[in-house]
Ligand code: LLP
């Protein structure tokens with residue numbers, strides 16, 4: 001069920017008309033549907049219900065604390081990649097025993113924090129990191145549960161800038177290094193190897209690379225004969241941004257995961273980000289100016305790549321839909337662009353679109369994941385507001401940043 005839809009040609013998020021919101025609030029702003037997030041979480045969890053996995057929401061996809069609180073209420077844990085994300089997850093109420101910490105460059109300070117907070121696992125990405133964690137744990141007189149991240153050298157079909165599981169990528173350890181690491185881990189007296197983890201990339205729309213990854217994990221477990229308590233299968237599940245995007249078949253994969261779980265008697269962890277929040281938000285913006293180009297019209301929005309980076313960074317396709325459908329035809333191609341002084345600050349071009357006027361409102365779709373969390377102050381623009389709808393209620397979950405806070409740095 002979609003919570004972001006038209007009623008009588010007016011865009012609604014749950015029971016709230018976007019037209020009504022823009023008459024009261026200044027644009028641009030992120031607008032989330034809470035029910036959509038809850039539904040996505042439930043549907044993900046139902047898909048894997050036989051395996052009863054621990055779902056650790058990947059905080060980098062959306063780190064708004066109010067959204068973390070919604071997910072906490074659903075029982076979610078967190079996958080974090082920095083001390084800041086770790087502290088935010090804990091502040092949202094997520095128990096440290098449901099938090100895993102990944103990332104190739106954890107600092108001493110971050111490691112100390114993770115150890116002191118007794119999180120479930122630190123997912124180690126190199127031998128030198130393990131040596132450092134062992135040393136810090138020793139100083140703190142603690143024994144630490146770690147996972148070791150595998151780089152399975154699997155090519156997952158996705159954008160080359162968000163693939164993480166190929167040999168050339170910086171993440172994890174190759175099969176051979178990982179096996180030798182496992183066999184030598186006993187030397188690091190303060191570490192307890194509890195998990196093997198893997199994450200092969202993001203926005204993956206085929207289940208095949210996930211299946212291949214399970215095979216590599218089997219091979220490693222069979223070779224090392226280690227009884228890992230946890231197998232952390234990461235995130236990466238794609239969503240349909242474009243009409244023709246394939247939907248990933250999680251049912252089929254989930255049967256394989258369950259077989260795997262039974263065979264190796266382990267607990268499964270997942271780290272989904274995009275699948276939980278991606279389609280649950282729009283970015284509402286105003287057409288600041290219309291400008292005639294030589295062979296197209298530019299609709300210059302008051303939101304730019306500083307507010308939403310995915311298009312500029314990955315050539316990602318995000319549809320832009322009108323807040324009010326007027327049914328009138330436009331003459332000629334229309335390109336939505338932003339105000340930032342970069343050619344790449346553009347969103348999408350349509351050959352046919354409805355007739356647009358200056359000051360019309362539009363919504364960039366599917367911006368819930370890696371939208372607000374990737375935004376910046378580029379061009380000294382304040383971060384925009386975030387609003388969440390629950391049924392008929394709207395709540396500001398981040399105020400527009402005060403421009404004054406940018407002026408003294
Ligand atoms: N676990 C690890 C270790 C990760 O590195 C990531 C994402 C996830 C889980 C969550 O992946 P998801 O389920 O959301 O695909 N900014 C890019 C995506 C970068 C993903 C980085 N890692 C984008 O906007 O497409």
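Shape of the chain from its Cα gyration tensor (a ≥ b ≥ c, root eigenvalues): rounded if a/c is under 1.5, otherwise prolate when a/b > b/c, or oblate?
Prolate shape, in that a/c is at least 1.5 and a/b is the bigger ratio.
Sort 318, 159, 199 so that the residue with the fewest other Cβ atoms within 10 Å of its own Cβ comes first and the one with the most comes last.
The most exposed by this proxy come first: 159, 318, 199.
If each residue's Cβ is checked for other Cβ atoms within 10 Å, how do 6, 241 rank with the fewest at the top?
In increasing order of surrounding Cβ atoms, one gets 6, 241.
Report, for the range 34-276, the % of DSSP beta bridges that are antiparallel, rounded to 5.
5 percent
With r as the distance between the Cβ atoms of residue 20 and residue 108 and R0 = 60 Å, compute the FRET efficiency 1/(1 + (r/R0)^6) and round to 0.05.
Working from the Cβ atoms, E equals 0.75.
Rounded if a/c is under 1.5, else prolate if a/b beats b/c, else oblate: with a ≥ b ≥ c from the C-alpha gyration tensor eigenvalues square-rooted, which is the range 148-206?
Taking the square roots of the gyration eigenvalues as a ≥ b ≥ c, the range 148-206 is prolate.
Could you list 71, 191 in order of exposure, starting from the residue whose Cβ has the fewest other Cβ atoms within 10 Å?
So the ranking, lowest neighbour count to highest, is 191, 71.
Residues of the range 38-70 with the amide nitrogen closer than 13 Å to a label point 7 Å from the Cα of residue 401, along Cα-to-Cβ, please.
Hits in the range 38-70 for residue 401 at 13 Å: none.
Using alpha-carbon positions, what is the distance between the centroids of the range 266-316 and the range 361-409, in Å?
Taking the Cα centre of each part, the range 266-316 and the range 361-409 sit 12 Å apart.
What value, in deg cm²/dmol to 500, does the helix sum -39500 (n - 2.57) over DSSP H runs of n ≥ 4 give at 222 nm once divided by the residues of the chain?
The per-residue figure over the chain is -8000 deg cm²/dmol.
FRET efficiency for residue 5 and residue 184, Cβ-Cβ distance as r, R0 = 56 Å, nearest 0.05?
Computed FRET efficiency for residue 5 and residue 184 comes out at 0.50.
Going by average Cβ density within 10 Å per residue, which order do the peptides 36-42, 146-152 take, highest to lowest?
Packing order, densest peptide first, comes out as 146-152, 36-42.
To the nearest Å, what is the center-to-center distance of the range 81-122 and the range 31-45, using C-alpha atoms only?
Between the Cα centre of the range 81-122 and that of the range 31-45, the gap is 24 Å.
Could you tell me how many degrees, from 0 to 90 and to the nearest 10, lie between the Cα long axis of helix 34-47 and the main elongation axis, the longest principal axis, of the Cα atoms of the chain?
Rounded to the nearest ten degrees, it is 40.
Assuming a ≥ b ≥ c are the square roots of the Cα gyration tensor eigenvalues, decide whether the range 34-276 counts as rounded (a/c under 1.5), prolate (otherwise, with a/b larger than b/c) or oblate.
The shape class here is oblate.
Applying 1/(1 + (r/R0)^6) with R0 = 41 Å to the Cβ-Cβ distance of residue 329 and residue 222, what FRET efficiency is obtained, to the nearest 0.05?
0.05
Treating the angle as unsigned and between 0 and 90°, give the value, to the nearest 10°, between the Cα long axis of helix 127-139 and the longest Cα principal axis of the chain.
The angle comes out at about 70 degrees.
Per 0.36 nm of contour for each residue apart, how much would the distance between residue 132 and residue 166 grow if the chain were fully extended, relative to their Cα-Cα spacing?
Value of the extension gain: 9.7 nm.
Each reported figure results from applying straightforward, stated rules to the coordinates on display, with no laboratory input. Note that the coordinates shown come from a computational prediction; the quantities given were computed from them, not determined experimentally. With ideal geometry, Cβ positions are generated from the backbone for all residues, glycine too; neighbour counts draw on all protein chains shown.
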